[in-house]
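The values are calculated or read from the model by the stated rules, or taken from the named source; none is laboratory data. All figures in this text were calculated on a predicted structure; none of them were measured in a lab. For accessibility, only protein heavy atoms count, side chains too; no ligands or nucleic acids. Shrake-Rupley method; radii C 1.70, N 1.55, O 1.52, S 1.80 Å.
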Amino acid sequence: MIYQQILEAKHQGRRLLSVLIDPDKVNEKHLDILCSNADAAAVDFFFVGGSLLTQGDMARTIAGIKKRSEIPIVIFPGNHQQVDEHADAILLLSLISGRNPDLLIGQHVLAAKRLKAAEIEILPTGYLLIDGGNMTTVQYVSGTAPIPVDQPEIAATTALAGEQLGMKLIFAEAGSGAKHPVPSGMIKAIKREINIPLIVGGGIRSAEKAEEVYSAGADVVVVGNHFEQHPELIREIAATRLNH
Ligand code: 1GP
């Protein structure tokens with residue numbers, strides 16, 4: 001079970017890395033390169049999904065990854081249509097930093113029956129959108145205001161409320177392609193309030209940044225864009241898991 005794996009890693013102080021694959025941005029050739037580099041670096045998970053899928057196909061992308069790699073696949077859905085029973089698990093996201101009811105319960109109702117039939121592991125996740133210095137797709141599509149970077153207490157209290165609501169994970173997200181990743185001070189503030197594992201992503205483009213985010217307290221780091229452009233650098237960021 002994926003959740004058990006995350007909990008154990010957290011308890012043992014083992015850092016985890018996830019490669020985000022956006023079905024809109026990859027073809028078979030990209031998958032070859034991404035999967036072989038991810039395998040060589042022993043990456044922990046693939047997250048698959050996107051806030052806005054235009055031409056991309058979840059089922060084809062997931063099947064393509066499975067053909068090439070045994071790394072577990074976790075759906076990171078932009079909406080209720082991105083459920084696929086061939087994945088290992090799904091982050092059932094509630095955008096708790098926002099006040100858009102569709103992303104707090106609407107999409108979940110639409111997905112519920114399909115999720116039940118899919119029999120994949122469900123990971124209820126409190127999703128916090130943090131200002132990354134630019135308007136990202138997730139911010140625009142969700143129609144929600146991100147938490148300002150100078151308000152770590154809002155982020156921490158929101159994450160705490162998510163944990164109290166029974167969520168199993170918190171995901172602090174600066175948005176794909178964010179100018180700045182979630183700041184260390186905010187990660188530390190969230191970490192002080194919660195006991196459940198913390199995922200951090202958005203705008204991480206170097207091993208130094210990954211190191212900063214891990215040492216601030218992220219249990220799982222997610223990188224998308226940077227690996228799409230430089231899949232050969234997966235190994236370098238993956239190595240930061242062993243730094244401490
Ligand atoms: C986005 O956190 C992920 O949801 C990854 O962001 O593409 O900027 O790495 P990047």
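Please provide three numbers in whole Å: the alpha-carbon extents of the chain along the principal axes, with the largest listed first.
Between the extreme Cα coordinates on each principal axis of the chain lie 43, 42, 34 Å.
Given a cut-off of 32 Å, name the pairs among 25/168; 67/188; 29/209; 113/191; 116/209 whose C-alpha atoms lie farther apart than that in the structure shown.
Check vs 32 Å cut-off fails for 67/188; 113/191; 116/209.
Write down the accessible area per residue of the range 174-238 in Å², having rolled a 1.4 Å probe over the full set of protein chains.
Working: 2430 Å² over 65 residues.
I get 37 Å² per residue for this part.
Counting only C-alpha contacts under 8 Å and six or more residues apart, can you give the relative contact order of the range 2-242 as a whole percent? Can you show the working numbers first?
On the way: 511 pairs, mean separation 48.9, N = 241.
RCO, the range 2-242: 20 percent.
Taking a quarter of the surface of the convex hull around the Cα atoms of the range 100-152, what do you get in nm²?
Dividing the Cα hull surface by four gives the mean projection, 4.7 nm².
Pick from 75, 21, 154: which is most flexible by mean-square fluctuation in a GNM of the chain where alpha carbon atoms under 10 Å apart are linked?
Fluctuation is largest for 154.
Specify whether the C-alpha gyration tensor of the range 198-244 places it in the rounded, prolate or oblate class, a ≥ b ≥ c being the square roots of the eigenvalues: rounded for a/c under 1.5, otherwise prolate if a/b is larger than b/c and oblate if not.
Taking the square roots of the gyration eigenvalues as a ≥ b ≥ c, the range 198-244 is oblate.
Roll a 1.4 angstrom probe over the protein heavy atoms and tell me the percent of accessible area of the range 64-143 that is carbon or sulfur.
Here it works out to 54 percent.
When only the heavy atoms of the protein chains count and the probe is 1.4 Å, how do 137, 158 rank by accessible area, highest first?
137, 158
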